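Enquirer: First, the structure itself, so that you have it in front of you.
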Amino acid sequence: MALRLRNIPLPLLASGAVALVAAALALIFFYAPLDADQGLSQKIFYLHVPIALTAYACFGWGAAKAFLHLWKRSPGADLESYAAIHQGVIFGALTLITGSIWAKISWGHWWLWGERQLVLFLVLFLFYSAYFMLRYSVEPGPARANMCAVYALFGVVLIPVSWLAIRLANDFIHPVVFTRHGPQMSASMFLAFCVSWASLLALAGTMYRVELAGKRLDAHLRELRELLAA
């Protein structure tokens, strides 16, 4: 699957992401029904939760690439891990922003330190943000790549902890909609949720590919300058 996605031309992937985002917004605001309890404010659920899941996916992809680097020393795996974690931090920041907005609407506060689901996601976000401090405090080379790969793998442990905290939370802001009996929402709501998540995954994939292309071009230009200067 990853190889198939990699072979999709970037302009086509970007166009698909834009189309999916437009479709998701249309479904969220014009097709999915209003929630009986939270009303219009519940619409942020279709953005906040998929954004958080996309952040988890990016962190997981970064860890998978880090494992690949340590196991097989695959060329480019370190850079791919870096780009994936960078996207995860971006979507993690969006998760915190949308979560704070939802908390303000539902609880009347932008942030509550007593809510473990908020704090644990913040810990996850800060852990991966510190990845860049580690990366740029060490000279480029095998040692830096190895250290960053190990760090990325350790962060994966925080993902199930963060997810479990949300599922165990008793607050109405995080209702458990996915159970062993299937999604606890209407078909129209589930469709809006799925399209929204697909659009954000496509958007993250596009941003990931663009960043990788830019980093690789920068590396090639640096090598060319070094050759010309020699």
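Enquirer: At a Förster radius of 25 Å, what calculated FRET efficiency corresponds to the Cβ-Cβ distance of Leu164 and Leu126, to the nearest 0.05?
Expert: After rounding, the FRET efficiency stands at 0.85.
Enquirer: Using R₀ = 45 Å, calculate the FRET efficiency as 1/(1 + (r/R₀)^6) where r is the Cβ-Cβ separation of Ala143 and Leu228; round to 0.05.
Expert: Once rounded, the FRET efficiency stands at 0.95.
Enquirer: Tell me, what ³J(HN,Hα) does each residue in segment 129-136 have, in order and in whole Hz, if you take phi through Karplus 6.51 cos²θ - 1.76 cosθ + 1.60 with θ = phi - 60° and put x for Gly and Pro?
Expert: 5, 5, 4, 6, 5, 5, 4, 8
Enquirer: So, one more: In whole Hz, what ³J(HN,Hα) sequence does segment 88-99 give by Karplus (6.51, -1.76, 1.60; θ = phi - 60°), x for Gly and Pro?
Expert: Calculated HN-Hα couplings, in order: x, 5, 4, 6, x, 4, 5, 4, 5, 5, 5, x Hz.
Enquirer: Taking R0 as 35 Å, what FRET efficiency do you get between Ser188 and Val156 from their Cβ-Cβ distance, rounded to the nearest 0.05?
Expert: Efficiency at R0 = 35 Å is approximately 0.55.
Enquirer: Label points 7 Å out from Cα along the Cβ direction at Trp113 and Ile97: separation in nm?
Expert: Using points 7 Å along Cα→Cβ, the separation is 2.5 nm.
Enquirer: At 1.4 Å probe size, with the rest of the protein present, what percent of the exposed accessible area of segment 1-148 is carbon and sulfur atoms?
Expert: Details: 5540 of 7620 Å².
Of the solvent-accessible surface of segment 1-148, carbon and sulfur hold 73 percent.
Enquirer: Please report the net charge: other residues with Cβ closer than 15 Å to the Cβ of Cys58, K and R +1, D and E -1.
Expert: Result for the local shell: 0.
The values are calculated or read from the model by the stated rules, or taken from the named source; none is laboratory data. Since the structure is predicted, the reported quantities are computational estimates derived from the model, not experimental observations. Neighbour counts run over all protein chains shown; Cβ positions are idealised from the backbone, glycine included. Note: areas computed on protein heavy atoms with side chains; ligands, DNA, RNA excluded. Shrake-Rupley method; radii C 1.70, N 1.55, O 1.52, S 1.80 Å.
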